[in-house]
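This report concerns only the one structure given below.
The values are calculated or read from the model by the stated rules, or taken from the named source; none is laboratory data. Every value quoted in this text rests on a predicted model; they were computed, and no experiment measured them. Here the Cβ positions follow ideal geometry from the backbone for every residue, glycine too, while neighbour counts run over all protein chains shown.
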Amino acid sequence: MYHHRVVTFPGGRIVAEQEVETRAKERATAAGHDITGLRALVVDGEKYNSSVPYRVDVAKKALVIAQAQPPRRGRRRQKKPRR
């Protein structure tokens, strides 16, 4: 997920949503992300908490809090016999 935030200070220029989306895509591409086939999801900054893990509910086109995943347990490597 690429996160792009826009803040308008009092007296500042209001930025159109399409301009924000275009700029976010440019920045994501410049950061090395492949955005082919991706769409932007606009979220109210007041409702977004950067310390909370989210996932995108594609059907609802909304961020939802991700459920904590249990740690994955891989196969343990067998130690090589010493020579």
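At-a-glance table
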| quantity | calculated |
| --- | --- |
| Sole exception among (1) modelled with pLDDT of 90 or more; (2) outside any loop (DSSP other than H, G, I, E, B) for residue 24, by number | (1) |
| All positions within region 38-53 that are assigned to a loop (DSSP other than H, G, I, E, B) and under 19 Å from residue 18 (Cβ atoms) | 38, 39, 40, 41, 42, 43, 44 |
| First in region 55-83 and more than 30 Å from residue 44 (Cα to Cα), second anywhere and surrounded by 10 or more Cβ atoms within 10 Å (Cβ to Cβ) and at pLDDT below 90, Cβ under 9 Å, 6 or more apart | none |
| Test: residue in region 66-83 that is modelled with pLDDT of 85 or more, in a loop (DSSP other than H, G, I, E, B) and closer than 13 Å to residue 3 by Cα | no |
